[in-house]
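What follows draws every value from the coordinates through simple rules; no lab data is involved. Note that the structure is predicted; figures quoted are calculated from it, not measured. Neighbour counts are summed over all protein chains in view; Cβ atoms, including those assigned to glycine, are modelled from backbone coordinates with ideal geometry.
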Amino acid sequence: MVRPAILFALPSLALTLAAEDFGPVAQAAQRIFKGRTHFGVVCDSRFSRQAVADLQRSLPDESVLTVVDYRAPTSIGAAAAVIAQRGVEVLVLLPHDPLIRGGSAEAGELIRQLGSRIPAVGTTAAALTSGCAFAVGTATRGELRMNPGVLERAARATDAPARPR
């Protein structure tokens with residue numbers, strides 16, 4: 001179930017704490033996807049509240065984070081539609097979310113529905129198998145692992161608003 005009432009668009013907080021998993025991914029996203037400041041997450045907020053807070057702290061001050069609360073595998077299309085309609089420019093996979101995490105079938109389907117206009121990034125090598133453009137974090141020992149084909153498609157994507165397939 002997607003709960004639009006629990007959709008947040010929050011200006012980023014200043015970096016006061018280092019978010020171990022998300023600092024490197026946020027920095028890499030800034031370098032690779034220059035000018036993209038609207039990040040999005042699809043997660044079960046009951047289980048991922050702390051991860052969302054960690055991600056929020058790691059984002060640059062001018063960034064916006066949209067969070068879509070997602071709790072049922074049957075509503076991936078609705079979650080993709082909300083991400084696209086809200087103007088998200090980079091999707092971030094949380095590493096320990098029960099449904100939408102690197103390597104999960106649900107994450108792969110969400111990324112597929114968003115297409116190349118909204119690149120996804122993660123913090124684990126498993127995120128690459130879901131279709132993320134790159135992954136970097138504690139689980140990759142700080143090594144930036146890239147998915148070259150996905151990066152090329154994201155680079156070729158136009159600036160037109162994204163629409164789920």
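Figures for the structure shown
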| read-out | value |
| --- | --- |
| Ranked by how many other beta carbons lie within 10 Å on average, peptides 79-87, 31-39 from highest | 79-87, 31-39 |
| Label-point separation, ASP61 to ARG141 (7 Å along Cα→Cβ), nm | 3.7 nm |
